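**Q** This structure is in structure tokens; I'll ask about it shortly.
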Amino acid sequence: MSGRKSHRSSNTLVDLIHIIAYSKPPLSHDPTTASPSFKHCRATTPGTTAYLFGGKMTSQSAKTLLTLDAEAVASLKEGINFNKSQEDGKCYIIYKNNDGLRACKNQCKHQGGLFIKDIEDLDGRTVKCTKHNWKLNVSSMKYVNLPDSFLQDELDVDILDDGGLQLVELSPMDPWLADPREPQELQEGEVKVTYMTHACMEVQLGQKRFMFDPWLIGPAFARGWWLVHEPPADCLDQMCTADFIYISHMHSDHLSYPTLKVLSDRRPDTPIFVGDTSRPVFWALEQSQVKLTNINVVPFGVWQNLDEHLRFMILMDGVHPEMDTCIILEYKGHMILNTVDCTRPNGGRLPEKVDLMMSDFAGGVSGFPMTFCGRKYNDSWKAGFIKNERKKLLNYKAQLVKSLEPRIYCPFAGYFVEAHPSDRYIKDTNVKNKAEDLNALINKTAPDIKTWTPKPGAVLDLGLALKDPTNSAAITNPPANAKIYKDSWDFDLYVDELNSAIGSEIFRHRRWIQFYYTWAGFQNYNLVVRMIETDDDFEPIADSYDYLVDFMDLSYPAKRPDRDHAYVEVKNRIGVMRSVVLHGRLWDDLYIGFQNRISRDPDVYHHKFWNHFQTELPFRKPDWDQFLQQVPAIEEPETQSSCKLS
Ligand code: FES
């Protein structure tokens with residue numbers, strides 16, 4: 001290639017393309033390869049025009065985003081440079097040192113915020129996001145205040161023969177453009193979208209019915225989240241007669257085992273589709289005792305044909321590719337985009353002008369900051385923080401919708417409430433966005449986009465709505481006397497089940513602590529965590545466990561070590577904590593489910609630690625039978641009284 005040479009090969013981009021282009025190889029403990037219940041779908045389905053990322057590789061394109069002439073290159077200073085494209089006004093960051101040049105877009109990986117120079121950075125290597133203060137070290141392209149977390153996607157820096165340079169983005173073709181289909185006119189009643197509850201939508205497309213993320217009964221995240229809306233009375237029947245079900249990710253407000261238990265009892269061979277995430281969506285199927293026999297793991301970015309007119313494609317999230325996905329459903333050339341909970345769906349590249357788009361909107365979906373105590377975490381700081389974050393999320397969603405210009409937009413996947421009486425504090429303070437507010441903002445900033453705030457059982461007739469967005473017959477709301485909001489929940493059934501773990505025999509032996517954290521496999525990290533079992537009000541309980549784990553060497557000291565170390569103290573409701581330990585569940589149940597209270601010194605988010613316990617625990621639960629065989633027969637149970645901690 002004459003005229004230019006790559007100044008620096010961009011491994012990050014190559015990796016990114018690999019991630020987008022190929023499904024991940026099976027992991028050694030991948031239950032999807034071990035269980036006959038899982039099928040890995042082929043990259044193409046019969047009848048499709050071949051579109052193979054890994055086959056012909058016709059899809060990659062290179063786009064020059066910024067060109068600097070020799071003079072501009074010569075004037076780049078050592079360290080961080082912000083450079084704007086004269087053509088489209090977009091900004092790029094170029095980092096210069098003795099080793100050469102590195103470059104990236106001025107766009108935060110989180111939610112696309114703009115970076116500015118970080119005035120606290122004395123080395124001149126760090127920029128700070130203006131939205132939520134993530135910091136990026138542009139000399140390494142690592143995000144630093146989420147230690148060991150994300151890498152920024154780099155641009156190729158191509159030096160030209162004349163001394164100028166170009167920043168080049170290599171990217172795969174937008175996969176939904178493969179084998180394009182002309183939209184055909186939809187008849188009344190041909191495509192009907194029915195809102196069930198939370199993230200569960202039923203979509204009838206011709207003769208087929210698709211259902212998204214059925215969470216229809218029971219709580220999510222242990223006992224922390226409960227349904228706001230009363231789902232339609234026939235919702236379980238509808239699920240059990242659906243032709244296809246899509247489950248976007250493993251979080252229990254999307255993958256609801258209590259709900260799927262009903263499906264497994266009545267129609268276990270219903271085809272279920274999930275993306276090929278590195279943490280398999282159904283990683284805990286075996287433990288759940290739910291029997292589903294037709295789970296299909298599909299590669300990312302490839303059309304899956306379901307019939308002559310109907311196909312779908314699953315895409316990964318840019319921030320959590322290991323677990324989050326979203327979906328495009330297409331019928332007779334009309335696209336429905338459901339970005340579900342993705343923080344940055346498909347890395348921000350999404351189809352424009354789809355016929356219907358739906359996404360989350362609410363916020364308030366993590367333990368931070370509501371479950372944090374001490375230091376600045378008083379109620380007024382939390383209220384201010386939440387208000388600010390809500391507003392930012394609302395603006396981000398409105399901006400995203402405006403930029404994608406769907407014909408119709410529907411906010412969903414945010415209809416949960418911390419309904420259990422013991423979570424009153426969270427319920428009262430963890431204020432979320434209202435779907436109506438987001439729609440009002442969209443109506444103001446993008447009046448051509450029709451918005452829909454769904455009530456459970458409400459039906460959108462897509463054909464009618466597309467023909468005439470003002471046609472009130474396009475949306476059928478539930479009857480006036482229909483119950484919209486739940487006012488009671490079956491708390492005891494689910495809380496008792498969680499609490500049944502408290503009396504498990506394993507907790508008679510203090511050695512469960514060592515056995516559990518060895519199984520968890522997290523160490524060589526300078527963090528000491530104190531774990532305290534509590535009652536529902538986060539008060540310590542007599543004869544319960546209160547212990548330290550030193551994750552540097554995976555030891556269990558009686559007091560904090562003398563060396564410098566980060567320290568986190570976590571009070572956990574005993575029933576949920578023991579259930580998590582006993583069944584080898586992810587700590588999302590504790591953290592996202594508001595089932596703990598956390599204080600930390602220093603006040604730093606330990607991404608590596610939380611990411612491990614929230615997404616990387618082993619697929620198979622601890623072998624407690626083996627544990628019980630190992631511990632010596634003990635007449636008297638070991639004492640469980642609290643450690644004396646200084
Ligand atoms: S921290 Fe950058 S967008 Fe949130």
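**Q** If we sort 376-389, 344-357 on the protection proxy, mean other Cβ atoms within 10 Å, highest first, what's the order?
**A** In decreasing order of mean packing, 376-389, 344-357 become 344-357, 376-389.
**Q** If you don't mind, there's one more thing I want to ask. Could you pull out every one of the lysines with an alpha carbon less than 26 Å from that of Lys382, ignoring same-chain neighbours closer than 8 positions?
**A** Reachable lysines: Lys109, Lys128, Lys131, Lys135, Lys391, Lys392, Lys397, Lys427, Lys432, Lys434, Lys571, Lys608.
**Q** If you don't mind, another one. Count the DSSP beta bridges whose two residues both fall in the chain, then state the antiparallel fraction as a percent rounded to the nearest 5. Intermediate results must be reported in sequence, preceding the final value.
**A** Working: 86 of 116 bridges.
Of all bridge pairs located within the chain, approximately 75 percent are antiparallel.
**Q** Once both labels are modelled 7 Å past Cα along the beta-carbon direction, what's the Leu170-Asn388 spacing in nm?
**A** 4.0 nm
**Q** Can you find, among Val274, Gln187, Leu393, the residue farthest towards the positive end of the dipole of the chain? Put +1 on the C-beta of Lys and Arg, -1 on that of Asp and Glu.
**A** Leu393
**Q** Turning to a different aspect of this structure: Leaving out ligands, DNA and RNA, and with a 1.4 Å probe, what % of the accessible surface on segment 494-572 is carbon or sulfur?
**A** The value for segment 494-572 is 45 percent carbon and sulfur by accessible area.
**Q** Sort 211-221, 69-79, 595-605 by the packing proxy (mean of other Cβ within 10 Å over each peptide's residues), most packed first.
**A** The densest-packed peptide leads the list: 211-221, 595-605, 69-79.
**Q** For Val228, what residues show an amide H to amide H distance below 5 Å, using hydrogens built from the backbone and excluding near sequence neighbours?
**A** Long-range HN contacts for Val228: Phe416, Val417.
**Q** Can you bin segment 83-133 into rounded, prolate or oblate? Criterion: square roots of the alpha carbon gyration tensor eigenvalues sorted a ≥ b ≥ c, rounded for a/c under 1.5, prolate for a/b above b/c, oblate for the rest.
**A** Oblate, since a/c reaches 1.5 and b/c is not below a/b.
**Q** With a cut-off of at most 14 other beta carbons within 10 Å, and DSSP calling the residue loop, which GluC sites (Glu not before Pro) in segment 186-219 qualify? Please list them.
**A** Sparse-neighbourhood loop GluC sites (Glu not before Pro): Glu188.
**Q** Using only Cα atoms, locate the centre of segment 90-139 and the centre of segment 448-523, then give the distance between them in Å, rounded to an integer.
**A** If we compute the Cα centre of each part, the gap is 38 Å.
**Q** Same structure, new question: Using modelled backbone amide H atoms (1.01 Å from N, in-plane), which distant-in-sequence or interchain residues come within less than 5 Å of Leu66's amide H?
**A** Excluding prolines and chain starts, which carry no amide H, the hits are Leu167.
**Q** Follow-up. Any idea which of Thr451, Ala474, Leu462 is furthest toward the positive side of the dipole for segment 443-484, if Lys and Arg beta-carbons carry +1 and Asp and Glu beta-carbons -1?
**A** Checked the options; the winner is Thr451.
**Q** Using +1 on the beta carbon of Lys and Arg, -1 on that of Asp and Glu, and nothing else charged, what's the dipole of the chain about the Cα centre, debye to 20?
**A** Rounded to the nearest 20 debye, it is 1000 debye.
**Q** Relative to the Cα centre, what is the charge dipole magnitude of segment 169-248, using +1 at the beta carbon of each Lys and Arg, -1 at the beta carbon of each Asp and Glu, and rounding to the nearest 20 debye?
**A** That gives segment 169-248 a dipole magnitude of about 380 debye.
**Q** Based on alpha-carbon centroids, what's the gap between segment 361-387 and segment 220-270 in Å, whole number please?
**A** 30 Å
**Q** Let me ask you something else. Which ³J(HN,Hα) values, rounded to whole Hz and listed in residue order, are derived for segment 181-189 from phi using the Karplus coefficients 6.51, -1.76 and 1.60 in 6.51 cos²θ - 1.76 cosθ + 1.60 with θ = phi - 60°, glycine and proline given as x?
**A** Per residue, the Karplus-derived 3J(HN,Hα) values read 10, 5, x, 9, 5, 9, 7, 4, x Hz.
**Q** Here's something else I'd like to know. What residues have an amide H closer than 5 Å to that of Trp134, excluding those fewer than 5 places away on the same chain, when H is modeled at 1.01 Å from N in the peptide plane?
**A** Those lying under 5 Å, H to H, from Trp134 are Cys129.
**Q** Among 390-398, 191-199, how do they line up by average Cβ neighbours within 10 Å per residue, starting with the highest?
**A** Sorting 390-398, 191-199 by mean packing, highest first, produces 191-199, 390-398.
**Q** Read phi for every residue in segment 550-555 and hand back ³J(HN,Hα) as whole Hz from Karplus 6.51 cos²θ - 1.76 cosθ + 1.60, θ = phi - 60°, with x for Gly and Pro.
**A** In residue order, the calculated couplings are 9, 7, 5, 10, 6, 10 Hz.
**Q** Further, regarding this structure: Rounded to a whole number, what is D in µm²/s for the chain from Stokes-Einstein with the Kirkwood radius over alpha-carbon pairs (37 °C, 0.692 mPa s)?
**A** Details: Rh = 26.6 Å.
The diffusion coefficient I find is 123 µm²/s.
**Q** According to a simple spin-label model (label point 7 Å from Cα along Cα-to-Cβ), what is the distance in nm between Lys117 and Ala74?
**A** 2.3 nm
**Q** Right, something else. Carbon and sulfur: what percent of segment 366-463's accessible surface (1.4 Å probe)?
**A** Answer for segment 366-463: carbon and sulfur cover 52 percent of the accessible area.
**Q** Which residue, Phe312, Met239, Gly89, has the largest displacement toward the positive end of the dipole of the chain when charges sit on each Cβ (Lys, Arg +1; Asp, Glu -1)?
**A** Of the candidates, Gly89 comes out farthest on the positive side.
**Q** In sequence order, what are the phi-derived ³J(HN,Hα) couplings for segment 409-425 according to the Karplus relation 6.51 cos²θ - 1.76 cosθ + 1.60 with θ = phi - 60°, rounded to whole Hz, with x for glycine and proline?
**A** 10, 9, x, 8, 6, x, 9, 10, 9, 7, 7, 4, x, 6, 9, 4, 4
**Q** Compute the accessible area per residue over the chain, keeping the other protein chains in place, probe 1.4 Å, unit Å².
**A** Averaged over the residues of the chain, the accessible area is 43 Å².
The values are calculated or read from the model by the stated rules, or taken from the named source; none is laboratory data. Every value quoted in this text rests on a predicted model; they were computed, and no experiment measured them. When we count neighbours, we look across all protein chains shown, and the Cβ atoms used for this are built from the backbone with ideal geometry, even at glycine. Side chains included, ligands, DNA and RNA excluded: accessible areas come from the protein's heavy atoms. Shrake-Rupley method; radii C 1.70, N 1.55, O 1.52, S 1.80 Å.
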